[in-house]
Structures are given as structure tokens and as C-alpha cells.
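Enquirer: I'd like to ask you about the structure that follows.
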Amino acid sequence: MSKNILSPSILAADFARLGEQIKEADEAGAQYLHIDVMDGVFVPSISFGMPVIKTIRKVTNRIFDVHLMIVEPERYVKEFKECGADSITFHLEATEDAEETIALIRSLGCRVGMSIKPKTPVEAVRKYLDKLDMLLVMTVEPGFGGQKYIPESTERIRQVRKMADEMGLALDIQVDGGITIDNAKVVLDAGANVIVAGSAVFGGNITENVKKYLAQF
Ligand code: DX5
Ligand code: ZN
């Protein structure tokens, strides 16, 4: 398991100044970059895809943490790897064959993440945990940035950490949605170690915001 990590979500960045803002987050010390890909089917919204990822690959060497909110993710994982993904997270709810998707991402040499939406029982991930590098517990309904943290998520994070500990796994647990400088400590204490933050990093002074998260790690 990695130590505590900040993964700023570029969904909340100013796309007209995307390169600059990514560089600023990188230089302030954010270890990952969270890249939300939405297809308008798995979630209502459409964000961006391969050309954008390929372009921003030139501005930072930080880990590209690609969060696929798309149906049938197995159709596209190879292309995401080729345009620069280091870690690929797919949704359990979005594929008919999670085992195969895990194996495919692994075969590409990427880190493997699986995500569950707030209403999916945490028990559903148990059989996959030992094959994953990271489990993403969504703390809002996926689809949009700037939503409020769902308080029931804290207990879900605790349950996944407990499950991983009981299985002897050094699993990364990522949280995504409504994580602010003020509630980061709550999710860290519950057992999460990879924090995604969009509006709380890119809304305002990026350097200061990143430093405020890192100070709590
Ligand atoms: C939501 C995305 C998130 C989003 C987080 O579906 O997966 O990564 O960008 O944004 P904030 O931190 O603003 O809730
Ligand atoms: Zn995300």
C-alpha cells in the first residue's frame, strides 16, 4: 500500500489553462492526477477522452490515475494505457466480466483499480480485493464534480479497510467526491489513503489548496 496520496481531479480545472494548472498541482506536491472519463451512458455527463489525456501527458510525470465512468470499460483500456494511463479504475457496475477486465488492465502493465457507487454493497468487492491495487469507494453518485460528501460513506470505507486487513492485503483505498480540506481527516481516519479532490483543489489557489491537504497526511 502506498502512503497517503493526493489525486487532484482535473474535472474541476479551467480547461482553457489545463496544462498550467496541472503543472501547478504537480509542483505543489500532488502525487497523482485524477482523470475522470465519462461516456454519457454510465453517467449522465460526458467529460473528455484520449486526445486530452495524450496531450497532458507531456506536462507532468506524475501518476495518471484514470477513473473510467464508462460502460464496457474492457473495450477501451488498451487505448487509455497507450495515451498515458498509469492506473486504470473501472466500475464494477459497468462490466459483465470484472475478472477479465482486471486481468486485461494487469496485462497492459497498469495498476488496477475497481470502483463502487454509493449504493453498491461493499460485500460485492470481497472476491476481487486480492487482485486489485486500489479500491475506489465513491463518496458521491458519480457523474459530476462539486457534490456533497455522502456521510454514510465513512462506514463503508471502514468496512473495506477491515476486509482488506482481515485478508492481509495492503490495498490502496481511494475516495472520490466531496472531499474537502475540512473532511479529509475523517476519510483518512476511516482507512482511505488516496484522496481525490476536484473543486477543493482547482477552485481557488491550487498551490495553497494542495499544501493544505498534504499537511494532513
Ligand atoms: C465525480 C468524479 C470526481 C469529481 C470529484 O463523478 O469521479 O472525481 O471530479 O469532484 P469534487 O472533488 O469536486 O467532488
Ligand atoms: Zn473520479
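Enquirer: Per residue of segment 5-22, what does 6.51 cos²θ - 1.76 cosθ + 1.60 with θ = phi - 60° give for ³J(HN,Hα)? Whole Hz please, x for Gly and Pro, Karplus curve as stated.
Expert: 9, 9, 10, x, 8, 6, 4, 9, 6, 7, 5, 6, 10, 4, x, 4, 5, 5
Enquirer: Could you tell me the number of lysine pairs in segment 65-211 with C-alpha atoms less than 26 Å from each other, where the two lysines are 8 or more residues apart or belong to different chains?
Expert: Total qualifying Lys-Lys pairs in segment 65-211 comes to 23.
Enquirer: Could you tell me what % of all Cα pairs in the chain have separations over 23 Å? Show your work: numbers first, answer last.
Expert: Details: 9361 of 23436 pairs.
Of the Cα pairs, 40 percent sit more than 23 Å apart.
Enquirer: Given a Förster distance of 30 Å, report the FRET efficiency between residue 162 and residue 216 from their Cβ-Cβ distance, rounded to the nearest 0.05. The partial results should precede the final answer.
Expert: Numbers: r = 22 Å, r/R0 = 0.74.
For residue 162 and residue 216, the calculated efficiency is 0.85.
Enquirer: To continue, here is another question. Test of understanding: given the chain, find the longest segment containing no trypsin sites (Lys or Arg not before Pro) that are in a DSSP loop and have at most 11 other Cβ atoms within 10 Å.
Expert: Details: sites that count: 3, 58, 119, 148.
Answer - 149-217.
Enquirer: A further question on this structure: Give me the three principal axis extents of segment 1-111 from the C-alpha atoms, as integers in angstrom, largest value leading.
Expert: That works out to 39, 32, 23 Å along the principal axes.
Enquirer: Can you tell me how much longer the chain between residue 1 and residue 205 gets when fully stretched, taken as 0.36 nm per residue apart minus their C-alpha distance, in nm with one decimal?
Expert: Details: separation 204, 0.36 × 204 = 73.44 nm, distance 2.98 nm.
Extra length from residue 1 to residue 205 when fully extended: 70.5 nm.
Enquirer: Below 13 angstrom from the Cβ of residue 43, what's the summed charge of the other residues (Lys, Arg +1; Asp, Glu -1)? If you can, show how the numbers build up before the last one.
Expert: Details: positive: 117; negative: 36, 39, 93, 141, 176.
In short, -4.
Enquirer: Moving on to the next point. Return the calculated 222 nm mean residue ellipticity for the chain, to the nearest 500 deg cm²/dmol, obtained by summing -39500 (n - 2.57) across DSSP H runs with n ≥ 4 and dividing by the residue count.
Expert: Values: 8 runs with 68 residues, N = 217.
Result for the chain: -8500 deg cm²/dmol, rounded to the nearest 500.
Enquirer: How far apart, in nanometres, would the label points at residue 124 and residue 45 be if each is projected 7 angstrom from Cα along the Cα-to-Cβ direction?
Expert: If labels sit at residue 124 and residue 45, their model points lie 2.1 nm apart.
Enquirer: Can you figure out the FRET efficiency of residue 58 with residue 141, using R₀ = 35 Å and their beta-carbon distance, to the nearest 0.05?
Expert: On the way: r = 33 Å, r/R0 = 0.94.
Taking R0 as 35 Å, the efficiency between residue 58 and residue 141 is 0.60.
Enquirer: What is the sum of charges around residue 62, taking Lys and Arg as +1, Asp and Glu as -1, for the other residues whose C-beta is under 13 Å from the C-beta of residue 62? All intermediate terms of the calculation are to be shown ahead of the outcome.
Expert: Details: positive: 23, 57, 58; negative: 24, 26, 27, 65, 86.
Once all neighbours under 13 Å are counted, the net charge is -2.
Enquirer: Now for a different question. Can you list the aspartates and glutamates whose alpha carbon sits under 15 Å from that of residue 54, skipping same-chain ones fewer than 8 residues off?
Expert: 36, 65, 79, 82, 86
Enquirer: For segment 93-217, take the alpha-carbon Rg, divide it by the Kirkwood Rh, and send me Rg/Rh. Each step should come with its number before you reach the end.
Expert: Details: Rg = 14.8 Å, Rh = 15.2 Å.
With Rg and the Kirkwood Rh in hand, the quotient comes to 0.98.
Enquirer: Also, quick follow-up: Taking the Cα centroid of segment 172-201 and of segment 1-69, what is the distance between the two, rounded to the nearest whole Å?
Expert: Spelled out, the Cα-based centre of one part sits 16 Å from the other.
Enquirer: For the chain, calculate the relative contact order in percent as a whole number, restricting contacts to Cα pairs under 8 Å that are 6 or more residues apart. Could you put the intermediate results ahead of the total?
Expert: Details: 436 pairs, mean separation 52.2, N = 217.
Result for the chain is 24 percent.
Enquirer: Between residue 15 and residue 27, with labels modelled 7 Å along Cα→Cβ, what's the label distance in nm to one decimal, could you check?
Expert: 2.5
Laboratory data are not the source of any read-out in this text; all were calculated from the coordinates shown. Fair warning: this is a prediction, and the values are worked out from it, not measured in the lab. When we count neighbours, we look across all protein chains shown, and the Cβ atoms used for this are built from the backbone with ideal geometry, even at glycine.
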